[in-house]
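Student: Here you go, one structure.
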Amino acid sequence: MKKEELIQTIKTLLESMPMLKESLGISRTNKVKLNTLIKSLNTLPLEDQKLIAYKYFENKKNSEIAILLHIEVGIVTRKLTKVVLDIGHMVYGFEDEFFNEFIEVDETEKQLIDRAVAYAINKMKNKYKELIP
């Protein structure tokens, strides 16, 4: 799945989440996606949870969210894209472009996976460096 497709898929899933939760005829696949989405939302920092809640559950405009969170509108837009992409990674895994960075001509599949895992671990360490001793 491409990055933009991943972002759009998660946005659509977030927008339809209230309806999916109330639906009795929800498919098993959608239940799994919904549960994974809820778990991923619960792992987000509180400010990111608020951002998603305001945008997708309370249908607030970015300008309204900016006022509520005391940040600029441009930051709201960037943070929403980043948070939605992070959620997409938790629900669906990494987008195709992520792996394109790692492809080398003579690299074996195991080497590619090892390098991708090391890259992901390093990104997570940087993201949560204050929590890691």
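Taken together, the values in this text are just the output of simple stated rules run on the coordinates, not laboratory data. Fair warning: this is a prediction, and the values are worked out from it, not measured in the lab. Backbone-built Cβ (ideal geometry, glycine too); neighbour counts: all protein chains shown.
Student: Take Lys31 and Lys127, extend 7 Å from each Cα along the Cα→Cβ direction, and tell me the distance between the two endpoints in nm.
Tutor: The two pseudo-label positions are separated by 2.9 nm.
Student: Within the set of other residues whose C-beta is less than 13 Å from the C-beta of Gln49, count the net charge using Lys and Arg as +1 and Asp and Glu as -1.
Tutor: Here the charged neighbours net out to 0.
Student: In addition: Treating only the Cβ of Lys, Arg, Asp and Glu as charged (+1, +1, -1, -1), what charge dipole size does the range 33-84 show about its Cα centre? Round to the nearest 20 debye.
Tutor: With Lys and Arg at +1 and Asp and Glu at -1, about 200 debye.
Student: If I model a spin label at Leu46 and Lys3 as a point 7 Å from the Cα along the Cα→Cβ vector, what separation in nanometres do I get?
Tutor: Those two pseudo-labels are separated by 3.1 nm.
Student: Mind giving me the nanometre distance, one decimal, between the label points for Asp114 and Tyr92, set 7 Å out from Cα along Cα→Cβ?
Tutor: Simple spin-label model gives 3.0 nm for this pair.
Student: Taking θ as phi - 60°, what are the ³J(HN,Hα) couplings along the range 50-61 by the Karplus curve (6.51, -1.76, 1.60), each to the nearest whole Hz, with x for Gly and Pro?
Tutor: 4, 4, 5, 4, 4, 6, 9, 9, 10, 6, 7, 6
Student: Over 23 Å between Cα atoms, which of Lys3/Lys55; Lys60/Lys82; Lys11/Lys31; Lys31/Lys61; Lys11/Lys125; Lys39/Lys125 qualify?
Tutor: Long pairs (Cα-Cα over 23 Å): Lys31/Lys61; Lys11/Lys125.
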